[in-house]
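Below is one structure, written out as structure tokens, with a few remarks after it.
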């Protein structure tokens with residue numbers, strides 16, 4: 001059967017386990033699989049863009065709901081300004097400058113903090129890794145569409161651990177690990193399989 005939706009994935013997990021008594025647990029197995037994806041998977045299909053407007057005198061903006069990890073942050077002024085990341089300890093060392101166009105940022109919790117504090121409304125464009133989890137209302141995503149085997153292997157692996165089927169855990173783990181390696185290789189190929197890398201001087 002096809003595995004292209006959340007419901008089809010749940011059915012497939014039950015079929016591969018050959019169990020009819022885990023229906024209420026299968027969403028948990030899928031959720032645990034996704035927790036692993038958030039830690040392990042970084043792929044070009046996860047790259048997203050989001051914009052927000054700053055408020056004069058306020059240095060915090062919220063990250064998107066599906067945010068995992070920052071890629072880049074810039075201010076879309078007449079001359080685009082890419083912000084430099086600072087670790088929180090460095091960011092807080094001296095953030096007493098008067099309001100101006102931000103040059104630096106850090107991420108704390110679910111907020112991006114800017115320095116200097118914006119003195120006006122600026123359009124911030126965020127490039128980030130995001131991942132939309134499956135649910136009854138969000139029935140598919142890029143990973144399930146293009147790599148349903150990864151979802152299946154990861155979900156069944158969680159199920160085998162739950163039912164204490166130790167003999168099968170290593171089988172599914174090996175299949176999942178191999179698939180994740182292939183996914184990483186695919187990502188590298190998509191990013192770098194073109195013209196040779198060159199060193200460019202600053203503008």
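Some observations on this one:
- Kirkwood's formula applied to the C-alpha pairs of the chain gives a hydrodynamic radius of 19.8 angstrom.
- Ellipsoid equivalent to segment 113-190 - semi-axes via the Cα gyration tensor, in Å: 37, 16, 14
- The DSSP beta bridges internal to the chain are antiparallel in roughly 90% of cases.
- For the chain, calculated [θ]222 nm from helices alone, where every DSSP H run of n ≥ 4 adds -39500 (n - 2.57): -12000 deg cm²/dmol
- If you model segment 47-130 as an ellipsoid using its alpha carbon gyration tensor, with each semi-axis the square root of five times an eigenvalue, the axes come out at 19, 15, 11 Å, biggest first.
- Ranked for footprinting exposure by Cβ neighbours inside 10 Å, fewest first, 124, 163 give 163, 124.
Each reported figure results from applying straightforward, stated rules to the coordinates on display, with no laboratory input. Keep in mind it's a predicted model, so treat the numbers as computed, not measured. Using ideal geometry, Cβ is built from the backbone for each residue, glycine included, and neighbour counts are taken over all protein chains shown.
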